[in-house]
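> Got a structure here, written out as C-alpha cells. Questions coming.
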Amino acid sequence: MSGQDGLALFAAEPFDLVLTDRVMPDMSGDDVAARIRRQNATVAILMLTGFGDVLLDVGLKPDGVNQVLGKPVTF
C-alpha cells in the first residue's frame, strides 16, 4: 500500500490507530503522518522503520508521530 492509498483510506473512514512505514514508494511516512495529524489531532500514529534505533538514539521523532518502532518488531 502506498502513502496515497493510506491517506485515501483514512479520509474514508475513522481509525483509532495508524501504522506507517517511514519509506514508501510515493511519499514518506513523515509526510503521511503530518497530513493525518492535520486531519485528526488525537489518532495514534506509530511509525515503523529499519532506522528505528538510529532515530531513537538521537531522540528524533517525526512531527505528528506518537512512537517510532524499529524493524523487526519484537515483543
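> How many residues does the range 44-59 contain that are closer than 23 Å to L7 by Cβ and either in contact with a Phe, Trp or Tyr (Cβ under 6 Å, 6 or more places away or on another chain) or at pLDDT below 95 (or both)? So that I can check it myself, show each step before the final result.
Of all residues in the range 44-59, those closer than 23 Å to L7 by Cβ come to 44-52, 55.
Next, from what is left, pick out any that are either in contact with a Phe, Trp or Tyr (Cβ under 6 Å, 6 or more places away or on another chain) or at pLDDT below 95 (or both): 46-52, 55.
Result for the range 44-59: 8.
> What is the residue count in the range 1-24 for residues that are part of a loop (DSSP other than H, G, I, E, B) and surrounded by 10 or more Cβ atoms within 10 Å (Cβ to Cβ)?
6
The values are calculated or read from the model by the stated rules, or taken from the named source; none is laboratory data. For clarity, every value in this text was computed on a predicted model and none was experimentally measured. Every residue, glycine as well, gets a Cβ built from its backbone with ideal geometry; the counts of neighbours run over all protein chains shown.
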